[in-house]
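Inspection log for the structure reproduced underneath, given as structure tokens.
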Amino acid sequence: MKGNSIPTADQTKVRVLVADDHPVVRHGIIANVKPQPDMIVVAEAGDGVEALALIKKQVPDVVLLDLRMPHMDGLDVITEVNKLKLPGKVIIMTTFDSEEDVQRAMKAGARGYLLKNSSQEKIWTPFGA
């Protein structure tokens, strides 16, 4: 999915970008998004710099973003997305559940904070599933 052009076939689907530095986690998230009938994965990124570049290029509706990644962490990505006034909504998906991490992410502009060990029901509830 990396570097694909913006899909235009079905604009009724929520366009999702997945960014996580662990390939098995990233692919697992993608495998859970793909069956959702109202969503499409438009890109994936393995670090924060790549994520920001693809967010600018693909302009996804939702970004599922790891909090801690190489080259640029998730908080810096959120800050840049907000600074550029990009329309996508960023949801942090991480293993870090400290109150400080949650507060920092929400203050930076994250629209949600999900733990990677959450059940599928808990994950899809914010999306209206």
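No lab work stands behind these numbers, since they all come straight from the coordinates. All values reported here derive from a predicted model rather than from experimental measurement. All Cβ positions, even for glycine, are placed from backbone atoms using ideal geometry, and neighbour counts span all protein chains on display.
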Practice problem: Considering Cα pairs under 8 angstrom that are at least six residues apart, work out the relative contact order of the stretch 36-115 and quote it in whole percent. | Solution: 27
Self-check item: Net charge contributed by nearby residues that have their C-beta within less than 12 Å of K89 (K/R +1, D/E -1)
Solution: +1
Quiz item: What are the residues whose amide H is under 5 Å from the amide H of M93, where those residues sit 5 or more places off or on another chain and H is modelled from the backbone?
Solution: L65, D66, L67, L114
Self-check item: D61, D66, D97 arranged by Cβ crowding within 10 Å, fewest neighbours leading
Solution: D97, D61, D66
Quiz prompt | the stretch 14-127 - charge dipole about Cα centre, Lys and Arg +1 at Cβ, Asp and Glu -1, debye rounded to 20 | solution = 420
Quiz item: Which of the trypsin sites (Lys or Arg not before Pro) found in the stretch 42-91 are in a DSSP loop and have at most 15 neighbouring Cβ atoms, other than their own, within 10 Å?
Solution: R68, K85
Quiz item: In what sequence do S118, S98 fall when counting other Cβ within 10 Å, fewest first?
Solution: S98, S118
Self-check item: Cα-based Kirkwood hydrodynamic radius, the stretch 31-74, one decimal, Å
Solution: 11.2
Self-check item: Bins of 5 Å, starting at 0 and running to the largest distance - Cα pair percent for the stretch 14-127
Solution: 2, 13, 25, 28, 21, 10, 1
Quiz item: What number comes out for the charge environment of G109, summing +1 per Lys or Arg and -1 per Asp or Glu over other residues with Cβ under 13 Å away?
Solution: +4
Quiz item: Tell me, in nm to one decimal, what length is gained between H22 and V49 on full extension, where the rule is 0.36 nm per residue of separation less the Cα-Cα distance?
Solution: 8.2 nm
